[in-house]
Amino acid sequence: MSLLDLSPVVPVVVLHDVAHAVPLAEALVRGGVRIIEVTLRTSAALESIRRIADEVPDAVVGAGTVTAPSHAAAALDAGARFLVTPGTTDSVLAAAADTGLPVLPGAATVSEAMRLAELGYQELKFFPAEAAGGIPFLKSIAGPLPALRFCPTGGITSATAAAYLALSNVACVGGSWLTSDPADVVGIEQAARAAAALA
């Protein structure tokens, strides 16, 4: 099964305190969301991935915001099961591919999407979704690029997720609203249940 088919919503998680990692992941799984993208934006990110990988076996945890070649190997070492890049450079893509993990490379233009398709990638992150054209953009490229599936991320909310998911070339969406308060496990579980129901 593709990563993009695990949940209609991929939580994009920013963690500043590793103590929140396992309870947050457990709350998401209880709510029906198994996939978790922990962004490499904080010093707590890699240890958070490690703890989730070790202690929440039902979660599929990956690393997001992979923006340097060194991030890929570090994420693999921490136990990440997939990698997500906001954009794509040759060196980052090569390092990510070297890990052997599934990679969701980022694209924001038709040319970037075509280049990634030439390299064999058919599942892409569309980022920053709202700023880069949102639903109208994705609708407009579905005809010329019918083989590509997207996970749009960036500016998507609980109110707009369903409209994105209705598009033929959108498999899932990424969003930070599920875990906006990493300490609120009750709220996270409720948000996860609502997200899972979008399937």
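Each value in this text was obtained by applying a stated rule to the coordinates, not by laboratory testing. In this text the structure is predicted, and so the values were computed from the model without any measurement. Heads up, the Cβs are rebuilt from the backbone with ideal geometry, glycines too, and the neighbour counts pull from every protein chain shown.
Some observations on this one:
- Shape of the chain, Cα gyration tensor, a/c cut at 1.5: oblate
- Under-5 Å amide H pairs with Val60, H placed in peptide plane, nonlocal only: Ile35, Ile36
- Residue order for Met1, Met114, fewest other beta carbons within 10 angstrom first, comes to Met1, Met114.
- Amide H contacts of Lys125 (H built 1.01 Å from N, under 5 Å, at least 5 apart or other chain): Gly106, Ala107, Cys151
- Label-point separation in nm, Ser70 to Gln190, each point 7 Å along Cα→Cβ: 4.2 nm
- Computed over the chain, the per-residue total of -39500 (n - 2.57) for DSSP H runs of n ≥ 4 gives a 222 nm mean residue ellipticity of -11000 deg cm²/dmol, rounded to 500.
- Highest-first arrangement of 68-80, 27-39, where packing means the average Cβ count within 10 Å: 27-39, 68-80
- Approximate spin-label separation Ala199-Leu6, in nm, with each point projected 7 Å along Cα-to-Cβ: 1.3 nm
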